[in-house]
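Participant: Would you mind keeping the following structure in view while I ask a few things?
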């Protein structure tokens, strides 16, 4: 009987030891932190690893994850500067940096930050018009993060970023926006068509201009070539005439040259006078028509003087 009582006591003591060890032995996971209180007062912060607490005196009052935390911010109605109601939702990313302040700085930092995010978002949306809410997402996100980070710093929480997921205007506003975009596209199409026609006319006019210039240049070159040809012809005739005269002058200085010249002048005189008599109805006969020798002598003197 006594042995049974000892066995029972030993079992009870073993159970008590196991329970005490279970209560006092703490294993903190990686990227976690436990806040320990001693008799209800903050004692220390436990990081990852195995720890032993003082039985019945120390307790792990708060447990925090040090990982980055994503919080879904529910859709809320915001009013833009031009008095249009839009539904906006998003995702907020934060991280606990100081477990002690996160435990004692505020009761529920997740609830507080999510509510503050909604109020800040309404304030930022109210500063801009509806048309700019879609293109100013980056600016809105940055302003929300900046304001939340300032407010959450005393709580030991770092707000990393905020991303707007959806911006949902009312159906009538969406319909008006679609009509506006359709009108803008049609306007751009008309503008592009008119610009194309204008460019085509400009190109056509430029082509006509170039054609006229080329034709005028061709006519100019033709006239230059013709003038050059005429000049070359005149020069050739003058050169040939001069050469003929030189040969005539040389022939006159030879023996019998003067007699041949007189004969040639007499023949030309008679021939030209005969042609004149055939072509004209009225003929004026020179007074010295029979004095051919005087005409020959006159021509001979002219040749000699030349």
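The values are calculated or read from the model by the stated rules, or taken from the named source; none is laboratory data. Being a predicted model, the structure only gives us computed values, none of them experimental. Here Cβ is always computed from backbone atoms with ideal geometry, including for glycine, and neighbour counts include all displayed protein chains.
Participant: Identify the residue in segment 65-93 that is surrounded by 13 or more Cβ atoms within 10 Å (Cβ to Cβ) and more than 23 Å from residue 136 (Cβ to Cβ) and, among all such residues, is farthest from the chain's Cα centre (by Cα).
Facilitator: That would be 65.
Participant: Filter segment 16-36 down to residues that are part of a helix (DSSP H, G or I) and either surrounded by 14 or more Cβ atoms within 10 Å (Cβ to Cβ) or in contact with a strand residue (DSSP E or B) (Cβ under 6 Å, 6 or more places away or on another chain) (or both) and give me whichever is modelled with the lowest pLDDT.
Facilitator: Here the residue is 23.
Participant: Which of (1) in contact (Cβ under 8 Å) with a residue 60 or more places away in the chain; (2) part of a helix (DSSP H, G or I) does residue 94 not meet, given it meets every other one?
Facilitator: Tallying (1) in contact (Cβ under 8 Å) with a residue 60 or more places away in the chain; (2) part of a helix (DSSP H, G or I), residue 94 fails exactly one: (2).
Participant: Please determine whether any residue of segment 103-118 is surrounded by 12 or more Cβ atoms within 10 Å (Cβ to Cβ), in contact (Cβ under 8 Å) with a residue 60 or more places away in the chain and in a loop (DSSP other than H, G, I, E, B).
Facilitator: Taking every residue of segment 103-118 in turn, none turns out to be surrounded by 12 or more Cβ atoms within 10 Å (Cβ to Cβ), in contact (Cβ under 8 Å) with a residue 60 or more places away in the chain and in a loop (DSSP other than H, G, I, E, B).
Participant: Would you confirm, using the coordinates I've provided, whether residue 164 is modelled with pLDDT of 85 or more and outside any helix (DSSP H, G or I)?
Facilitator: It is true that residue 164 is modelled with pLDDT of 85 or more and outside any helix (DSSP H, G or I).
Participant: Further question: How many residues, within segment 146-176, are touching a helix residue (DSSP H, G or I) at 6+ places or on another chain (Cβ under 9 Å) and surrounded by fewer than 11 Cβ atoms within 10 Å (Cβ to Cβ)?
Facilitator: Residues that pass the stated criteria total 0.
Participant: Across segment 37-49, what is the number of residues that are surrounded by 11 or more Cβ atoms within 10 Å (Cβ to Cβ), assigned to a strand (DSSP E or B), free of Cβ contacts under 8 Å to residues at least 40 places away in the same chain and within 60 Å of the chain's Cα centre (by Cα)?
Facilitator: 2
Participant: Go through segment 54-88 residue by residue and tally those that are over 30 Å from residue 42 (Cβ atoms), outside any strand (DSSP E or B) and touching a helix residue (DSSP H, G or I) at 6+ places or on another chain (Cβ under 7 Å).
Facilitator: Matching residues across segment 54-88 total 3.
Participant: Continuing with this model, one more query. Has segment 177-195 got any residue that is part of a helix (DSSP H, G or I), crowded, with 16+ Cβ neighbours inside 10 Å and in contact with a helix residue (DSSP H, G or I) (Cβ under 9 Å, 6 or more places away or on another chain)?
Facilitator: no
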